[in-house]
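Some notes on the structure that comes next.
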Amino acid sequence: MDHHEQHHQHHQKEREEKKKHQKEYERQHEGDRSPIHPAWIFGVGIVLALAAILVWTMFLS
């Protein structure tokens, strides 16, 4: 086995290890996601902001 082939095999093993670690990381963090979609949180925030502006302009001025 020449140096070039050894070098290639070394890089291939590094890539396989990196993929293995990435899959393990993804598997561990699968359940960490919020059950609420971010668009809903954004929408509720907009509605609350508009309601606050409406109350401020109508009733506090």
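The values are calculated or read from the model by the stated rules, or taken from the named source; none is laboratory data. Note that this is a predicted model, so its numbers are computed, not measured. Cβ: placed from backbone, ideal geometry, glycine included. Neighbour counts: every protein chain shown. Ligands, DNA and RNA are stripped out before the accessible areas are found, and what is left, the full protein with its side chains, is counted by its heavy atoms. Shrake-Rupley method; radii C 1.70, N 1.55, O 1.52, S 1.80 Å.
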Given (1) surrounded by fewer than 10 Cβ atoms within 10 Å (Cβ to Cβ); (2) assigned to a helix (DSSP H, G or I); (3) not charged (D, E, K, R), index of the condition residue 8 fails = (1)
Which condition number in (1) outside any helix (DSSP H, G or I); (2) surrounded by 10 or more Cβ atoms within 10 Å (Cβ to Cβ) is the one that residue 34 fails?
-> (2)
Enumeration of residues in region 41-61 that are among the β-branched types (Val, Ile, Thr) and open to solvent by 90 Å² or more (accessible area, probe 1.4 Å) = 41, 47, 53
Residues of region 18-31 that turn out to be open to solvent by less than 90 Å² (accessible area, probe 1.4 Å) and in a helix (DSSP H, G or I), as a count | 2
